[in-house]
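The values are calculated or read from the model by the stated rules, or taken from the named source; none is laboratory data. Keep in mind it's a predicted model, so treat the numbers as computed, not measured. Positions of Cβ are generated from backbone atoms using ideal geometry, with glycine treated the same way; all protein chains shown enter the neighbour counts.
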């Protein structure tokens, strides 16, 4: 088994020497990473095809182009992101240097997932590099071809001391988690996320856990149903449903269900033809374990669309199940496959009650032309993210944080939020020893007096912020100058007395 002690020690030595803190070094590593994406795009697509039989267009959009744009965005913005933040100052700190410093954690661990085996691993890795950390990179062993690509190709582009790659299954990961990391970023199931979190607790290691859950999709009678069905089916079937934010089940009335089934049959034929199994545009299930699990979920309720499968090809036809009960297995665990159950509710309020009776989902989707209904779901439910009249697309906005809540995860990332995940925001206060500043703060020293207490209360009093930022700064500066003279005057009087 790999000697993880040696790997971690090399990383710690490199970090202690300041190698990864150097901004030019970070930029060079990111440029190398981008070059790998560009030079090996076909190799990446081939590995994804070998693991998931994923259509090339899907892999381009959700993996290779996504990764290239992610690194470009970091390189465009890193000079601003690394700068200390300058928060507003109160009157008592008028003469001080107040900053929030972006401090890298040190040696971080990033564990990827098998369903998007390149994107979900390398997006956090890129920002961990940008933030100045050393990164131990652990691809998912389930997507074996992508793991092999990472192991063989990435070391040719990144510094091997600072960014080692470790491979293996549950046994190796268990041993790896015995090491002390400064931060852990994990993407995967809630069950394994709990194990990761428990291991991290030994050293009080902070974590981001990007998990999953059953993301509901409510439809009311106000929508243009054909468009709604198209968007829901696309979100359910991209990567053959093996997406953490895929719509897991539909909530609607029986009347809408009937029309939904009708539209779905026409759309599936339009997309995949008469023989869906032969279509090149539908991925396959990752392995037999998940294939068998999904077949088990199809045993309850009534199959209204699809239902066929081929074990040799790990193929499951897009399937819609009706007449399901809340306690059926398909309504209890995250589906993670091309199966869509429909659970009947009579109103938005019934849907909200049903959603709130379960664990908090990673996403909630609402299809309605009523702003009141959409706002009702926003106000009355809790989820990692929310999207109205579409599915999954909120994940594509890199100025929005992406992450779960409760059993669907903790922490968030994407865009600058990923960079911020991998830095500790260190509060820094700089004061000087000059006479003016000392006079301003000398009221804290004994002997205490009512006059000193009045001055301190005035300085420390919270005031309503002014609407204009510049006006506020000007007034605070003017008050500070005047206050300095007043403090100086009172202190002189105190000295004379």
From the option list 152, 172, single residue qualifying as over 29 Å from residue 401 (Cβ atoms) and in contact with a strand residue (DSSP E or B) (Cβ under 9 Å, 6 or more places away or on another chain) is 172
Could you check, for the stretch 81-103, whether at least one of its residues is in contact with a helix residue (DSSP H, G or I) (Cβ under 6 Å, 6 or more places away or on another chain), at pLDDT 95 or above and part of a helix (DSSP H, G or I)?
yes
Subset of the stretch 1-24 [in contact with a helix residue (DSSP H, G or I) (Cβ under 9 Å, 6 or more places away or on another chain), more than 13 Å from residue 133 (Cβ to Cβ) and in a loop (DSSP other than H, G, I, E, B)]
1, 2
Among the residues in the stretch 129-146, are any part of a helix (DSSP H, G or I), touching a residue at least 24 places away in the same chain (Cβ under 8 Å) and surrounded by fewer than 24 Cβ atoms within 10 Å (Cβ to Cβ)?
yes
Of 342, 320, 286, 364, which residue is outside any helix (DSSP H, G or I), closer than 17 Å to residue 240 by Cβ and in contact with a strand residue (DSSP E or B) (Cβ under 8 Å, 6 or more places away or on another chain)?
320
Of 306, 337, the only residue that is surrounded by 15 or more Cβ atoms within 10 Å (Cβ to Cβ) and more than 29 Å from residue 210 (Cα to Cα) is 306
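Answer yes or no: is there a residue in the stretch 298-307 that is assigned to a helix (DSSP H, G or I) and either under 30 Å from the mean Cα position of the chain (by Cα) or under 25 Å from residue 364 (Cβ atoms) (or both).
no
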For residues that are surrounded by fewer than 22 Cβ atoms within 10 Å (Cβ to Cβ) and within 20 Å of residue 328 (Cα to Cα), tally how many sit in the stretch 245-262.
4
The lone exception for residue 398 - which of (1) surrounded by 15 or more Cβ atoms within 10 Å (Cβ to Cβ); (2) touching a strand residue (DSSP E or B) at 6+ places or on another chain (Cβ under 9 Å); (3) part of a loop (DSSP other than H, G, I, E, B) it fails:
(2)
Going by what's in this entry, would residue 469 be described as under 44 Å from the mean Cα position of the chain (by Cα) and modelled with pLDDT under 80?
yes
